[in-house]
1. Given an 8 Å cut-off on Cα distances and at least 6 residues of separation, report the relative contact order of the chain as a percent.
2. For 113, 180, write out the residues from largest to smallest accessible area, computed with a 1.4 angstrom probe and no ligands counted.
3. Take the range 130-289, drop everything but the C-alpha atoms, weight them equally and run the Debye formula without solvent; then report log10 I(q)/I(0) at 0.11, 0.16, 0.17 Å⁻¹ to two decimals.
4. Assigning unit charges at the beta carbon (Lys, Arg +1; Asp, Glu -1) and nothing else, what dipole magnitude in debye, to the nearest 20, does the chain show about its Cα centre?
5. Considering the dipole of the chain built from charges on the beta carbon (Lys and Arg +1, Asp and Glu -1) around the Cα centre, which of 31, 217, 200 is farthest to its positive end?
6. Can you tell me the order of 124-130, 283-289, 185-191, 30-36 when each peptide is scored by its average per-residue count of other Cβ atoms within 10 angstrom, highest first?
7. Summarise the accessible area of the range 93-232 (1.4 Å probe, protein heavy atoms) by the percent that is carbon and sulfur.
8. Over all directions, the average projected area of the alpha-carbon convex hull for the range 28-69 comes to how many nm²?
Amino acid sequence: LSPDGSQAAIGSLHHGGSLWDLDTRQRRFAWNHRAGAFTPITAVAFAPGGEAAMTAEHETLVLWDTASGEAITYFTAPAKVNAIALGPGGRFALLGLSDDTAVLFDALKGGIKRVFAHEGRVRSVALDADARLALSGGEDRSARLWDVETGTELQRWQHDADVRLVALAPDGSRAFSVSKYDRAVVWDTTSGLELGALPAFRARVTRGETWTAAAFSADGGQLLTGTTDRRVQLWDLPAVERRAQWEMPRRADWKRSGAYMLAVGFGAAQGACLSVSADGFVHQLRVTP
């Protein structure tokens, strides 16, 4: 989902990659890496202003112009891409790779500008709106906050299992990290202290439920999360108090069907939230006063 909630970049098993206008509910462009073939998109990200987006298919990367739908650049990454975060204008991309690194990649000219090392595959990455701070989470059970300019590690938050999801507030003030079968925690990036953990029920965790999507509001005052079990929740910060909760409908009530959340975000209108579920729906949500 684009930061302003107006666009969605989708990777589908049935029609490859595409860009959707969520106001008109129309597919604008087909985004595939090779002519005549559907691309199995494995990672995607928008620039903070929504003017560019990047898609990944394993090691291949394409930077797209969202206005024209045309490809700007095409590159090959040094390892399998697990996650992407784009900086302003799409000029730089933070890539989470399977070679135990996150790298800052020059999306216009190509080449690696900075390497952020882990001791396990990097599964999730995030940038603040100005690309001053980078956040990475990996299979070494850590989430790490980096100074993009110097490459210095500013904070390290250790979990008891692989870190599968991270998110960073646009102003860089707060971070969120989730580990498999462990905790989901909101952090203060300056002090490194824990602001609070999202409540988890052991029975749900045991059967594999976890958080799969997260986004901070523009002012960092709220956190929107999505789970493997069709739930979207809105949290007020810094108290980490639940403001609202939705349970997404199943595509077919008469049979078992999953609907874990692939992405969540905030719409342009006050109180508007969005989610994308794995069964092919974009949900428009409203927070009542």
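The values are calculated or read from the model by the stated rules, or taken from the named source; none is laboratory data. This one's a predicted model, so the numbers in the text were calculated from it and none came from an experiment. When we count neighbours, we look across all protein chains shown, and the Cβ atoms used for this are built from the backbone with ideal geometry, even at glycine. Keep in mind that these areas ignore ligands, DNA and RNA; they rest on the heavy atoms of the full protein, side chains included. Shrake-Rupley method; radii C 1.70, N 1.55, O 1.52, S 1.80 Å.
1. Numbers: 812 pairs, mean separation 26.1, N = 289.
Worked out over the chain, it gives 9 percent.
2. Sorted by accessible area, descending: 113, 180.
3. With one equal scatterer per Cα and no solvent, log10 I(q)/I(0) is -0.44, -0.91, -1.01.
4. Details: 31 positive and 33 negative charges, 198 e Å.
Roughly 960 debye for the chain.
5. Final value for the positive-end residue is 200.
6. Working: 124-130: 23.1, 283-289: 12.0, 185-191: 17.1, 30-36: 13.6.
Highest-to-lowest ranking by the protection proxy: 124-130, 185-191, 30-36, 283-289.
7. Values: 2600 of 5700 Å².
Summing carbon and sulfur atoms, their accessible area is 46 percent of the total for the range 93-232.
8. Working: hull surface 12.2 nm².
Averaged projected area of the range 28-69's Cα convex hull equals 3.0 nm².
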